[in-house]
1. Within the stretch 87-103, does at least one residue satisfy the condition of being within 29 Å of ALA13 (Cα to Cα), among the charged types (D, E, K, R) and surrounded by 14 or more Cβ atoms within 10 Å (Cβ to Cβ)?
2. Could you list all residues from the stretch 44-56 that are more than 9 Å from ligand 1 (Cβ to nearest atom), within 19 Å of the chain's Cα centre (by Cα) and either surrounded by fewer than 17 Cβ atoms within 10 Å (Cβ to Cβ) or not in a loop (DSSP other than H, G, I, E, B) (or both)?
3. Name the helices (runs of 4 or more DSSP H) wholly inside the stretch 77-162 in which the number of residues that are acidic (Asp, Glu) is 2 or more.
4. Being within 17 Å of the chain's Cα centre (by Cα), away from ligand 1 (no atom under 15 Å from the Cβ) and in contact (Cβ under 8 Å) with a residue 24 or more places away in the chain, is that true of even one residue in the stretch 14-32?
5. Among the residues of the stretch 11-34, write down those that are surrounded by fewer than 17 Cβ atoms within 10 Å (Cβ to Cβ) and in a loop (DSSP other than H, G, I, E, B).
Amino acid sequence: MNGNDVQSQLKEAGIDILKCMQCGMCTGSCPSGRHTSLNVRKLVKRAIRSRDVLEDNELWMCTTCYNCQERCPRRIDIVDAILKIRSIAAHEGIMLPEHRQVIKLFLQYGHAVPIDEVNIKKREELGLEMLPETVHKYSDALDELKTLLEVCKLAEITDQHT
Ligand code: SF4
Ligand code: SF4
């Protein structure tokens, strides 16, 4: 796949980033960019030019607040583009180590943040049941969830590039 393929996949999804005129309104509206290296204007430019955008850490710095998309004078679905590019990257096993860790927890416990002893104790202090009404409590549901995740090949995706 080359850069144009990323851009063509966006086009197929109804997102035309080629309309970008590099005005910078998106970057100026981006709260995340004030605290991170994210420059959404440049990210769009890289998505037009090269598949290297899939490896770009800035891809994961967007909080999906939609400020940029609401203000883009060319009405480009910028956030939808970012989400689609993330999806393409993830399907190729390209993600941050933190994502990989969260997915491993999800595969094992059915929760991205599984319950721990501290939270169990807090629940008891609050008069709640030890376990919440989730897969933590119902092992059959956890088995079903694991079957679904297996069908989705989530573990295989996560194991790529490790
Ligand atoms: S606001 Fe829209 S047109 Fe302007 S740089 Fe960002 S994506 Fe391109
Ligand atoms: S949606 Fe993402 S890229 Fe757009 S302004 Fe918000 S944080 Fe920035």
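Read-outs: derived from the displayed coordinates by stated rules, not from any lab. All values reported here derive from a predicted model rather than from experimental measurement. Cβ placement follows ideal geometry from the backbone for every residue including glycine, while neighbour counts extend to all protein chains displayed.
1. Scanning the stretch 87-103, I find at least one residue that is within 29 Å of ALA13 (Cα to Cα), among the charged types (D, E, K, R) and surrounded by 14 or more Cβ atoms within 10 Å (Cβ to Cβ), so the answer is yes.
2. From the stretch 44-56, those more than 9 Å from ligand 1 (Cβ to nearest atom) are 46-56; that's our starting set.
From what's left, within 19 Å of the chain's Cα centre (by Cα): 46-47, 51-56.
ARG46, ALA47, ARG51, ASP52, VAL53, LEU54, GLU55 - these are the residues of the stretch 44-56 that are more than 9 Å from ligand 1 (Cβ to nearest atom), within 19 Å of the chain's Cα centre (by Cα) and either surrounded by fewer than 17 Cβ atoms within 10 Å (Cβ to Cβ) or not in a loop (DSSP other than H, G, I, E, B) (or both).
3. Numbers: elements: 78-91, 97-109, 117-125, 139-151, 154-159.
Passing ranges, in order: 117-125, 139-151, 154-159.
4. no
5. Within the stretch 11-34, ALA13, GLY14, ASP16, MET21, GLN22, CYS23, GLY24, PRO31 qualify.
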